[in-house]
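Peer 1: Got a structure for you, questions after.
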Amino acid sequence: MTAIGLMSGTSRDGIDAALIRTDGEGAIKRIDFRSEPYDDLFRDRLASACRRAIDMAAPAADSMIDDVAAELTERHARIVAGWDADVIGFHGHTVAHRPDRGWTWQIGDGAALARQTAIDVVADLRSDDVAAGGQGAPLLPVYHRALTRGLEKPTGVLNLGGVANLTLIGADGSLVAFDTGMASALIDDWMQLNGAGSFDANGDAAGAGRVNEAVVTAMLDHPWFDQPPPKSIDREDFTLEPVRGLALEDGAATLTAFSARAVALALQVTAARPARLIVAGGGRRNATLMRMIEEATGVEVEAADLHGWNGDAVEAEGFAYMAVRSLRGLPISFPGTTGAPREMTGGTLHRH
């Protein structure tokens, strides 16, 4: 089947769209990829929607969030204009993730997207897992396993978006996956707060700064890190308060070290140490973050592009892949990846 995957990630930087052909198992052919950045105004509106949603007891109608969701859907429809496909895997945008309360909330109207594109849409891919007692995240491990066929095992795939998540694929194909903590979210917020751009390009600010070890230690003392996997986290669970008052470069270095050492903590609780970490997502372009991860973990760190992947497209491709799996009734979440009670499919199909 030909499938489109759409992803608006926790970094809030824009929409990624991938067009692939796949059977939802081992066959994957990349056809095209597009990315559209959000303008500052919409990024601010999206951030406001997230802050409002995280304070709510449960997802509910809200005029501001609903307006953002409608515009988000229209932006997703525009980016796929001219593409023809059998199905769209539509992630939407996570405005709040609270599996501890029994819900996760991705805004975006799958039915409207199907009407606007005249293509069937599979949306709401996380809710079934959460309703069954799972974390609803991460969902990409089954796609990571397909991508790493033929590579030495055990191996790890590390996605560095706003939040970081790790997939470990065993020699027998077994999957263990969970969020490790923040990746670029706090670093981006810090740069924006200081009027130094929307992100730390190449990690240059962090590379010029000094890590405040006391702050890193305090941040890693958060009780979430003591929870056993599978586990997931919301972007809003950590703030910039611990680094307020630091110089720009020192704050960037400290937040980058926090992200890197959280990955090292994650590897300490896994049974099999991977031979390598293949890194996808925008964070792979942050040379300081990549260096700090390699130093903290003692594991070789490689950009996904070195394996012939498009490191920017992996998440979008993954949601195209999972839409096909959903249509075929194949599992997209597993006990070892989300804590679901059994292998589960998921998603809601909207016919055009």
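Peer 1: Taking only protein heavy atoms and a 1.4 Å probe, what accessible area per residue, in Å², does the stretch 1-105 have with all protein chains in place?
Peer 2: Counting only protein heavy atoms, the per-residue value for the stretch 1-105 is 43 Å².
Peer 1: Short version: ³J(HN,Hα) in whole Hz for each residue of the stretch 130-146, in order, from phi by Karplus 6.51 cos²θ - 1.76 cosθ + 1.60 (θ = phi - 60°), x for Gly and Pro, what are they?
Peer 2: 5, 4, 8, x, x, 7, x, 6, x, 9, 6, x, 5, 6, 4, 4, 5
Peer 1: With the chain treated as a Gaussian network of Cα nodes joined by springs under 10 Å, which of Val80, Val215, Val269 yields the largest mean-square fluctuation?
Peer 2: Checking each option, the largest mean-square fluctuation is seen for Val269.
Peer 1: Spin-label point model (7 Å from Cα, Cβ direction): what's the Asp44 to Trp83 distance in nm?
Peer 2: 3.0 nm
Peer 1: Follow-up question, since we're still on this one. Using the reciprocal of the averaged 1/r over all distinct C-alpha pairs, how large is the Kirkwood radius of the stretch 1-134 in Å?
Peer 2: Numbers: mean 1/r = 0.0646 Å⁻¹.
Final number for the Kirkwood radius of the stretch 1-134 is 15.5 Å.
Peer 1: Where does the charge balance sit around Tyr143 when Lys and Arg score +1, Asp and Glu -1, over other residues with C-beta under 12 Å from its C-beta? Don't skip to the answer; put the middle values down first.
Peer 2: Working: positive: Arg145, Arg149, Arg325; negative: Glu25, Glu315, Glu317.
That sum, taken over residues with Cβ under 12 Å, equals 0.
Peer 1: For the chain, state the semi-axes of the equivalent ellipsoid (square roots of 5 times the eigenvalues of the alpha-carbon gyration tensor), sorted largest first and rounded to whole angstrom. Intermediate results must be reported in sequence, preceding the final value.
Peer 2: Values: eigenvalues 169, 114, 74 Å².
Those come to 29, 24, 19 Å.
Peer 1: What are the semi-axes of the equivalent ellipsoid for the stretch 151-242, taken as the square roots of 5 times the Cα gyration tensor eigenvalues, largest first, in whole Å? Each step should come with its number before you reach the end.
Peer 2: Working: eigenvalues 155, 56, 29 Å².
The three semi-axes for the stretch 151-242 are 28, 17, 12 Å.
Peer 1: Continuing with the same structure: With label points built 7 Å along Cα→Cβ from the Cα atoms of Arg328 and Glu74, find their separation and express it in nm.
Peer 2: 3.7 nm
Peer 1: By the scheme Lys and Arg +1, Asp and Glu -1, what is the net charge of all other residues having a beta-carbon under 14 Å from that of Leu240? Walk me through the numbers on the way to the answer.
Peer 2: Values: positive: Arg51, Arg235, Arg244; negative: Asp188, Asp189, Asp200, Glu236, Asp237, Glu241, Asp250.
Around Leu240, the surrounding residues sum to -4.
Peer 1: At 1.4 Å probe size, put His307, His91 in order of accessible surface, largest to smallest. Please report the intermediate quantities before stating the final value.
Peer 2: Numbers: His307 60, His91 15 Å².
Accessible-area ranking of His307, His91, largest first: His307, His91.
Peer 1: Ok, one more. If we count every other residue with Cβ under 10 angstrom of Trp309's Cβ, Lys/Arg +1 and Asp/Glu -1, where does the sum land?
Peer 2: Numbers: positive: Arg30; negative: Asp305, Asp312, Glu317.
Value of the local net charge: -2.
Peer 1: Could you provide, to the nearest whole Å², the per residue accessible area of the stretch 119-213 with probe 1.4 Å?
Peer 2: 33 Å²
Peer 1: Please compute P(r) over all alpha-carbon pairs of the stretch 287-352, binned at 5 Å starting from zero, and give each bin as a whole-number percent.
Peer 2: Spelled out bin by bin, the stretch 287-352 gives 4, 14, 14, 15, 15, 16, 12, 7, 3, 1 percent.
Peer 1: Can you list residues whose amide H is under 5 Å from Lys231's amide H, if they're 5+ apart or on another chain and H is modeled 1.01 Å from N?
Peer 2: Close amide H contacts, sequence-distant or interchain: Asp179.
Peer 1: Just the number, please: carbon plus sulfur as a percent of the accessible area of the chain, 1.4 Å probe, no ligands or DNA/RNA counted. Write down the numbers at each step before the final one.
Peer 2: Values: 6460 of 13810 Å².
Whole-percent figure for carbon plus sulfur exposure: 47.
Peer 1: Would you calculate the convex hull of the Cα atoms in the stretch 196-316 and tell me its volume per residue in Å³? Mind showing how you got there, number by number?
Peer 2: Details: hull volume 15.4 nm³, N = 121.
About 127 Å³ per residue, rounded to a whole number.
The values are calculated or read from the model by the stated rules, or taken from the named source; none is laboratory data. All values reported here derive from a predicted model rather than from experimental measurement. Methodologically, a virtual Cβ is constructed for each residue, glycine included, from the backbone with ideal geometry; neighbour enumeration extends over all protein chains shown. Heavy atoms of the whole protein, side chains included, go into the accessibility calculation; ligands, DNA and RNA do not. Shrake-Rupley method; radii C 1.70, N 1.55, O 1.52, S 1.80 Å.
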